[in-house]
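Here the structure is laid out as structure tokens; the discussion comes afterwards.
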Ligand code: PXP
């Protein structure tokens, strides 16, 4: 029996809609509470350098409002490191961040940035924050995560999500192989980016994966069905895949 796959819900885009009018509605904290009430396993939020969705004060408000573990997505900067150490989230997922991108478009180059990442990973880990690295499903990135002593990697599923035709199976194979390689080396593999009702099941079926983090699609579906129904449907699909 494959262990249950955790579902972390990324609530950034509730804040995107809120910020479109500059006020307080819709409140990402309310989204976090709904996710907690309907069986979500965690909340993911990305405080971007440009604060385009989640704002500084949202993080403490989310932490105060639910008992769910917070997966704090952050760029590898001194500013974000200090912020994480002040707020002590359950986990910190280090992501690449480019100001002009629409979303986190690729994985972190853990292999090429060892020296920059090492002190950040160490300071987060020393503080008791579980570090995750958001990487492409590539062997050299898993090896780099091992060298950095990251306990978790999140495999970027964007290439899989955007693949067409025969390429879908190729990308799925990469995800499965890299999840297995991470697990074999004592790293807990997670996955996320671009997952939908239509494409989640083959990923959810990868037995080593412990957690999926899903945002944009769920928040989009929530417009039509409500957030609770959207989370429950995703949960059902994930469970059925195992
Ligand atoms: N995981 C990480 C590390 C992310 O940065 C994001 C958002 O880009 C997601 C998961 C969720 O991706 P999506 O919003 O496409 O579901």
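The values are calculated or read from the model by the stated rules, or taken from the named source; none is laboratory data. Bear in mind the structure is a predicted one, so any value in this text is a computation, not a measurement. Cβ coordinates were reconstructed from backbone atoms using ideal geometry, including for glycine residues, and neighbour counts include every protein chain displayed.
What the table shows:
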item	result
Number of the exception - residue 37 against (1) in contact (Cβ under 8 Å) with a residue 40 or more places away in the chain; (2) away from the ligand (no atom under 14 Å from the Cβ); (3) buried (at least 22 other Cβ atoms within 10 Å of the Cβ)	(3)
Residue 142 buried (at least 17 other Cβ atoms within 10 Å of the Cβ), touching a residue at least 24 places away in the same chain (Cβ under 8 Å), more than 14 Å from the ligand (Cβ to nearest atom) and not in a helix (DSSP H, G or I)	no
Matching option when the condition is farther than 21 Å from residue 84 by Cα and either surrounded by 20 or more Cβ atoms within 10 Å (Cβ to Cβ) or more than 18 Å from the chain's Cα centre (by Cα) (or both), among 14, 9	14
Lone qualifier among 220, 226 - being within 10 Å of the ligand (Cβ to nearest atom) and either over 16 Å from residue 160 (Cβ atoms) or surrounded by 15 or more Cβ atoms within 10 Å (Cβ to Cβ) (or both)	220
Single match in 153, 170, 231 (criterion: within 16 Å of the ligand (Cβ to nearest atom) and either within 23 Å of residue 15 (Cβ to Cβ) or assigned to a helix (DSSP H, G or I) (or both))	231
Options 46, 25, 90; residue that is buried (at least 17 other Cβ atoms within 10 Å of the Cβ) and modelled with pLDDT of 95 or more	46
Conditions (1) over 20 Å from residue 127 (Cα atoms); (2) within 11 Å of the ligand (Cβ to nearest atom); (3) in contact (Cβ under 8 Å) with a residue 12 or more places away in the chain: number failed by residue 45	(1)
Residue that is farthest from the ligand (Cβ to nearest atom), among those in the range 156-167 that are surrounded by fewer than 21 Cβ atoms within 10 Å (Cβ to Cβ) and outside any helix (DSSP H, G or I)	166
Residue, surrounded by the fewest Cβ atoms within 10 Å (Cβ to Cβ), within the range 114-128, restricted to residues that are free of Cβ contacts under 8 Å to residues at least 40 places away in the same chain and under 16 Å from residue 145 (Cα atoms)	115
From 209, 195, residue being part of a loop (DSSP other than H, G, I, E, B), under 21 Å from residue 32 (Cβ atoms), touching a helix residue (DSSP H, G or I) at 6+ places or on another chain (Cβ under 8 Å) and in contact (Cβ under 8 Å) with a residue 24 or more places away in the chain	195
Residue that is nearest to residue 140 (Cα to Cα), among those in the range 98-113 that are within 9 Å of the ligand (Cβ to nearest atom) and surrounded by fewer than 21 Cβ atoms within 10 Å (Cβ to Cβ)	105
The range 1-17, residues that are assigned to a loop (DSSP other than H, G, I, E, B) and in contact with a strand residue (DSSP E or B) (Cβ under 9 Å, 6 or more places away or on another chain)	5, 11
